[in-house]
Amino acid sequence: MVSARPFQAVVRNPLYLQVAERIREAILSGGLPPGDALPPERELAVQFGVSRASIREALRALQAQGLVEGKGKALVARAASGLLSEALTHVVRLRLASLEDLVELRCVLESAALERAARRGAPGLLDAARRALEEMCRPDVTVEAFHEADVRFHIELVAASGNRAMHLVMLAVRDAMARHLLESLRAAGPGMLRRLADEHAALLDAVERGDAEGVSQRLREHIQGFYEGTVTPDAAERR
């Protein structure tokens with residue numbers, strides 16, 4: 001009686017997939033940091049000992065995975081936050097989760113980060129957030145400039161937590177929600193911009209005073225109050 005074979009046949013991946021896997025590992029391990037340019041096709045072909053056609057196929061595969069971006073010779077490794085934000089955007093547009101789900105995720109994530117920042121007590125890390133707040137408070141600020149400063153303000157507060165994972169996920173969540181935020185700000189009017197700037201000032205003050213519990217409550221009221229007033233069921237359904 002012949003026993004069942006204990007081994008599976010060896011899979012020989014095409015050369016371009018082997019090249020793609022090595023470049024992928026270099027990006028994910030930090031050997032090729034986000035924003036760094038990849039060597040030219042000719043140089044990569046020499047390094048890997050394969051044809052330029054194999055290199056081109058490998059780069060196409062990496063672009064399809066979102067790990068490499070750019071055109072022609074200007075290919076660079078992509079930041080992980082971009083991959084996360086794309087994934088979250090697809091989740092919402094495929095209706096696997098709603099915009100309201102993202103709002104709730106953001107509340108949980110950012111309130112935890114701001115509590116941590118408040119307990120950490122590192123005032124020098126809040127300088128960038130204060131500059132963003134000053135931009136929002138300018139009497140002649142445009143909606144677009146307010147939006148950019150708003151995003152930067154929240155990202156800097158989360159960064160002040162010192163938790164890089166929280167910062168990375170926050171970047172992705174904010175990117176996934178950015179279009180709705182800008183559309184809502186454009187429709188809201190000057191009164192809403194002033195109210196949001198005041199709420200931002202209160203958030204920054206709470207972090208600076210080390211009020212971990214207070215900043216968490218303020219953050220939830222700030223985010224939920226804004227989105228409850230701007231997200232309609234129809235609008236959420238379209239996204």
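The values are calculated or read from the model by the stated rules, or taken from the named source; none is laboratory data. Worth saying up front: this structure is predicted, and the values here are computed from it rather than measured. FYI the Cβ positions are ideal-geometry reconstructions off the backbone, even for glycines, and counts take in every protein chain you see. In case anyone asks, the SASA skips ligands and DNA or RNA and just uses the protein heavy atoms, side chains included. Shrake-Rupley method; radii C 1.70, N 1.55, O 1.52, S 1.80 Å.
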Exercise. What percentage of the solvent-accessible surface of the range 84-239, computed with a 1.4 Å probe over protein heavy atoms, is contributed by carbon and sulfur atoms?
Worked result: 51 percent
Exercise. In whole angstrom, how far apart do the alpha carbon centroids of the range 116-131 and the range 207-226 sit?
Worked result: 14 Å
Exercise. If eta is 1.306 mPa s and T is 10 °C, what Stokes-Einstein diffusion coefficient results for the chain, Kirkwood Rh from Cα pairs, in µm²/s?
Worked result: 77 µm²/s
Exercise. Given the protein chains as shown and a 1.4 Å probe, how many square angstrom of residue 208 are accessible, to the nearest 10?
Worked result: 90 Å²
Exercise. Quick one: Karplus J couplings for the range 212-228, per residue in order, coefficients 6.51, -1.76, 1.60, θ = phi - 60°, nearest Hz, x for Gly and Pro?
Worked result: 4, 5, x, 5, 5, 5, 5, 5, 5, 5, 5, 6, 5, x, 5, 6, 5
For this session: Kindly report the accessible area of the range 84-239 per residue (heavy atoms of protein chains, probe 1.4 Å, no ligands, DNA or RNA), in Å².
Result: 51 Å²
Exercise. To the nearest 500 deg cm²/dmol, what mean residue ellipticity at 222 nm is calculated for the chain from DSSP H runs of n ≥ 4 alone, each contributing -39,500 (n - 2.57), summed and divided by the residues?
Worked result: -23500 deg cm²/dmol
Problem set entry | For the range 136-147, 3J(HN,Hα) per residue [Karplus equation, 6.51 cos²θ - 1.76 cosθ + 1.60, θ = phi - 60°, Hz, x = Gly/Pro] | 5, 7, 5, x, 9, 5, 7, 4, 5, 5, 4, 4
Problem set entry | the range 143-227: equivalent-ellipsoid semi-axes (sqrt of 5 x gyration tensor eigenvalues, Cα, Å) | 21, 17, 10
Exercise. Of the listed peptides 132-144, 176-188, what is their order by residue-averaged count of other C-beta atoms within 10 Å, with the highest listed first?
Worked result: 176-188, 132-144
For this session: List the residues of the range 119-160 whose backbone N lies under 17 Å from a point placed 7 Å from the Cα of residue 209 along the Cα-to-Cβ direction.
Result: 119-123
